[in-house]
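> Structure below; questions to follow.
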Amino acid sequence: MKLAVFVSDYRMTVDTLDRLSPEKMGIILVQNGVYHATLKENGTPSSLLNKSAEFYALKEDLETRGLDASKVDSKVKVIAMGDVVDLIFNDYEKTAWI
Amino acid sequence: MKLAVFVSDYRMTVDTLDRLSPEKMGIILVQNGVYHATLKENGTPSSLLNKSAEFYALKEDLETRGLDASKVDSKVKVIAMGDVVDLIFNDYEKTAWI
Amino acid sequence: MATTKLGFIVQRPPYKSENPKLALTHAIATQSVEVYLNEGDTVTADIAFIGDGVLNCKKDQKAMDYYGLTSTEQHIKMALLVDINIWVCKEDVEKFGLSEDDLVLDAEEFGADMTVNVVPYGEISKKMEEMNHLLFF
Amino acid sequence: MATTKLGFIVQRPPYKSENPKLALTHAIATQSVEVYLNEGDTVTADIAFIGDGVLNCKKDQKAMDYYGLTSTEQHIKMALLVDINIWVCKEDVEKFGLSEDDLVLDAEEFGADMTVNVVPYGEISKKMEEMNHLLFF
Amino acid sequence: MGKLTIGCFASLVGSLNLDFAVKLSAAAIEKGHTVDLWLSGNGTMLSIKDQRPFKDYSHLEKPLKELMAKGLTVTACEACAEARGYNKDVTMEGFKRHSMDWYLASTFSADRVLHIGGE
Amino acid sequence: MGKLTIGCFASLVGSLNLDFAVKLSAAAIEKGHTVDLWLSGNGTMLSIKDQRPFKDYSHLEKPLKELMAKGLTVTACEACAEARGYNKDVTMEGFKRHSMDWYLASTFSADRVLHIGGE
């Protein structure tokens with residue numbers, strides 16, 4: 001399956017992401033999930049970015065938190081809300097908000 | 001200071017407990033915090049129980065979750081809500097709900 | 001004549017938020033979904049408990065005694081009574097040192113035929129593929 | 001003639017729950033607390049940001065542009081304007097690879113004299129001892 | 001064009017989950033899709049009329065009314081609302097209230113479902 | 001006997017935080033202490049009258065009224081309530097509404113303060 005996974009937290013209390021193994025996965029960072037796209041703790045980028053997936057981060061949620069959209073990790077594509085709609089309808093079949 | 005710390009979650013998203021170093025600390029496990037008193041993951045008790053503190057778990061919150069109050073870790077004293085009141089007023093000076 | 005299959009994945013423990021319980025009450029509501037649909041059409045909801053979500057299945061929950069609240073255990077029994085498929089991840093049950101004896105597995109006292117199935121994660125993963133939509137709680 | 005000292009400890013990032021913002025608005029409310037108290041009595045609230053809480057202090061927050069919401073940054077400035085003491089844990093700022101340049105440090109544009117103090121955790125710990133009551137957000 | 005059913009259960013005012021659900025609905029409608037929005041649990045808070053707009057709090061009554069005018073269907077779980085004292089009298093005009101089966105029925109004809117659960 | 005001021009900010013119906021705050025108040029009053037209870041943020045949800053008692057949801061209107069009769073003072077943050085559309089008309093009798101300074105003032109004479117924040 002083609003699964004779009006929404007991550008809305010920085011500190012996650014579930015390990016679901018480690019278990020999911022769809023044929024194609026997109027990880028859409030929204031709300032506090034966008035910290036994964038920019039923060040490095042002790043110099044190390046978020047381990048979430050090691051997953052085999054396409055990564056997206058919502059521009060407005062980055063900027064709401066004072067994070068510079070031009071400084072996200074190179075694996076992450078910065079997108080707008082309209083792009084989220086297109087990803088849901090065109091690129092993936094199912095969604096998971098974890 | 002003498003600090004009573006309330007822990008109400010099993011998966012914690014803050015590391016505050018690791019930083020606190022009061023002269024005397026009581027850790028009162030309530031709500032989902034009571035899982036720390038009984039669950040062993042892969043045979044290991046919760047690392048929270050390694051702190052240097054007195055441990056308490058609220059009986060009604062254990063039993064609400066189907067946990068047997070007679071099977072809590074030997075470090076943990078099972079208490080009732082009235083005991084929580086006494087701990088707050090008699091044994092500690094300040095509280096922290098983290 | 002079509003069926004939409006929903007997969008409810010409960011990944012969090014009970015009594016922190018309402019969500020695990022709402023997963024069960026929403027699944028149970030499939031019983032009356034047909035009033036909104038055309039003859040022959042339906043929606044099903046299967047439930048899988050994974051990760052800390054398996055703690056919802058611990059038996060002997062006393063939420064009614066202490067909080068005046070229907071326990072998650074009771075809701076699982078009601079779901080069995082209306083023939084909802086329920087799967088519990090075996091690896092997670094074992095990780096917590098629990099056995100099947102610790103879990104609510106049936107609702108025989110209500111006359112339910114269905115039972116809770118403790119299965120390897122791989123089986124839950126396969127079910128997820130078969131669903132039309134996934135809802136994570 | 002007495003003063004009750006409250007220590008507000010913000011340990012979580014902004015915009016997940018309202019709490020970090022409510023810590024600031026409640027601290028600011030010390031300005032009007034005396035209407036409830038006897039002449040000469042007062043309550044003060046000092047705020048410390050620790051752990052992920054330091055992310056509240058990131059500057060250039062655009063919450064108003066995108067959500068029509070006063071940003072946590074603005075609330076920090078308002079707190080400075082009414083002379084609230086604010087400490088930010090230095091070790092946590094550094095752990096995130098942030099520098100003082102990334103943080104809201106003053107509210108000069110509003111004419112505030114107070115500034116945010118980036119200090120070692122040990123200093124925050126000492127302040128906690130001095131407070132009458134602690135409130136963790 | 002497709003149909004998107006969004007369910008929002010986790011709903012702290014401060015978490016911005018409800019804000020996200022409303023903004024995503026707007027973006028989908030803008031692109032010509034149909035959207036059903038279901039609120040359950042504390043999400044039913046969104047159904048109350050006369051929310052006072054303060055800049056310190058999310059204020060969604062206005063954008064929601066605009067979206068309803070553009071065809072958004074928004075429904076609150078009736079039991080979840082009543083349990084909180086959100087009675088019919090205080091419900092925003094145009095906001096539907098149904099039992100939980102409504103949400104499930106909405107997914108029948110949906111091309112995509114986004115269920116915002118969380119904590 | 002002492003005075004306990006409890007603040008409850010994190011308040012999902014399902015988290016049982018409000019239930020905990022009400023039960024702790026009851027236990028403290030039972031032992032002869034004085035209790036002030038402050039609700040802010042989503043905790044203001046507790047102030048609404050006519051919450052319908054269902055067994056599937058926490059129902060705190062009844063125990064709260066009993067505690068108020070025994071001397072519990074309970075106050076909701078007025079701005080937090082208004083922002084959610086919890087107007088004076090739908091507020092439970094005996095439930096006070098004040099600005100945030102009330103909570104701070106309550107701590108002045110409190111022997112102990114328990115602030116239930118969380119997420």
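> Pairs, please: C-beta under 6 Å, at least 6 apart or cross-chain, first residue touching a residue at least 60 places away in the same chain (Cβ under 8 Å) and closer than 14 Å to residue E:119 by Cβ and in segment A:2-18, second of a type in the set (S, T, N, Q) and assigned to a loop (DSSP other than H, G, I, E, B)?
Filtered contacts from segment A:2-18: A:14/C:11; A:16/C:11.
> Among the residues of segment C:42-58, is there at least one that is closer than 27 Å to residue F:18 by Cβ and within 14 Å of chain F (Cβ to nearest Cβ)?
yes
> All but one of (1) more than 30 Å from residue F:93 (Cα to Cα); (2) more than 7 Å from every other protein chain (Cβ to nearest Cβ); (3) buried (at least 18 other Cβ atoms within 10 Å of the Cβ) hold for residue E:78; which doesn't?
(1)
> Same structure, new question: If I ask for residues that are β-branched (Val, Ile, Thr), surrounded by fewer than 19 Cβ atoms within 10 Å (Cβ to Cβ) and not in a helix (DSSP H, G or I), which ones from segment F:20-37 would you list?
The answer is F:34, and nothing else.
> May I pose another question? Checking residue F:60 against (1) surrounded by fewer than 24 Cβ atoms within 10 Å (Cβ to Cβ); (2) facing another protein chain (nearest Cβ under 7 Å), only one condition comes out false. Which one?
(2)
> In segment B:76-94, which residues are touching a helix residue (DSSP H, G or I) at 6+ places or on another chain (Cβ under 6 Å), under 20 Å from residue F:8 (Cα atoms) and more than 11 Å from chain C (Cβ to nearest Cβ)?
B:82, B:85, listed by residue number.
> Among the residues of segment F:81-101, write down those that are within 24 Å of residue F:23 (Cα to Cα) and more than 7 Å from every other protein chain (Cβ to nearest Cβ).
F:81, F:86, F:91, F:92, F:93, F:94, F:95, F:96, F:97, F:98
> If you check C:93, C:104, C:119, which single one turns out to be surrounded by fewer than 18 Cβ atoms within 10 Å (Cβ to Cβ), β-branched (Val, Ile, Thr) and more than 14 Å from chain E (Cβ to nearest Cβ)?
One residue alone meets the criteria, C:119.
Here is a yes/no grid of residues against (1) surrounded by fewer than 18 Cβ atoms within 10 Å (Cβ to Cβ); (2) over 20 Å from residue C:10 (Cα atoms):
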position: A:17; (1), (2): yes, no
position: A:56; (1), (2): no, yes
position: A:61; (1), (2): no, yes
position: A:65; (1), (2): no, yes
position: A:75; (1), (2): yes, yes
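> Further, regarding this structure: Consider residue C:58 carefully, then state whether it is basic (Lys, Arg), surrounded by 20 or more Cβ atoms within 10 Å (Cβ to Cβ), in contact (Cβ under 8 Å) with a residue 12 or more places away in the chain and more than 24 Å from residue E:43 (Cβ to Cβ).
Spelling it out, residue C:58 is indeed basic (Lys, Arg), surrounded by 20 or more Cβ atoms within 10 Å (Cβ to Cβ), in contact (Cβ under 8 Å) with a residue 12 or more places away in the chain and more than 24 Å from residue E:43 (Cβ to Cβ).
> Here are some residues: A:68, A:73. Which one is over 13 Å from the mean Cα position of the chain (by Cα) and within 14 Å of chain D (Cβ to nearest Cβ)?
From the options A:68, A:73, the qualifying one is A:68.
> List the residue pairs whose Cβ atoms are under 8 Å apart, where the first residue sits in segment E:96-119 and is free of Cβ contacts under 8 Å to residues at least 12 places away in the same chain, the second is of a type outside the set (A, V, I, L, M) and buried (at least 24 other Cβ atoms within 10 Å of the Cβ), and the two are 6 or more positions apart or on different chains.
E:104/C:26
> Residue C:26 passes all but one of (1) more than 17 Å from residue B:61 (Cα to Cα); (2) in a loop (DSSP other than H, G, I, E, B); which number fails?
So residue C:26 meets the others, but not (2).
> While we're on this one: From the list D:76, D:47, exactly one residue is buried (at least 21 other Cβ atoms within 10 Å of the Cβ), over 18 Å from residue A:65 (Cβ atoms) and either basic (Lys, Arg) or under 12 Å from the mean Cα position of the chain (by Cα) (or both). Which is it?
The conditions single out D:47.
> Could I ask something else about it? Which members of segment A:19-40 meet the condition of being in a helix (DSSP H, G or I) and either surrounded by fewer than 20 Cβ atoms within 10 Å (Cβ to Cβ) or of a type outside the set (Ser, Thr, Tyr) (or both)?
A:19, A:31, A:32, A:33, A:34, A:36, A:37
> Something else: Does residue F:16 count as within 10 Å of chain C (Cβ to nearest Cβ), crowded, with 24+ Cβ neighbours inside 10 Å and under 19 Å from residue E:41 (Cα atoms)?
Yes; evaluated as a whole, the condition is true for this residue.
> Still on this model: Filtering segment C:64-90 down to residues that are among the aliphatic types (A, V, I, L, M) and within 13 Å of chain B (Cβ to nearest Cβ), which residue is farthest from residue A:21 (Cα to Cα)?
Top of the filtered list is C:64.
> Being surrounded by fewer than 23 Cβ atoms within 10 Å (Cβ to Cβ), hydrophobic (A, V, I, L, M, F, W, C) and farther than 15 Å from residue A:76 by Cα: is that true of residue A:3 here?
Yes: the conditions hold for residue A:3.
> Listed residues E:34, E:44; which is among the β-branched types (Val, Ile, Thr), at pLDDT below 95 and at negative phi?
After applying the criteria, what remains is E:44.
> Test of understanding: among E:97, E:52, which residue is of a type in the set (D, E, K, R), part of a loop (DSSP other than H, G, I, E, B) and closer than 28 Å to residue F:50 by Cα?
Within the list E:97, E:52, the selection yields E:52.
The values are calculated or read from the model by the stated rules, or taken from the named source; none is laboratory data. Bear in mind that the values here come from a model prediction, so they are computed numbers and not experimental data. Every residue, glycine as well, gets a Cβ built from its backbone with ideal geometry; the counts of neighbours run over all protein chains shown.
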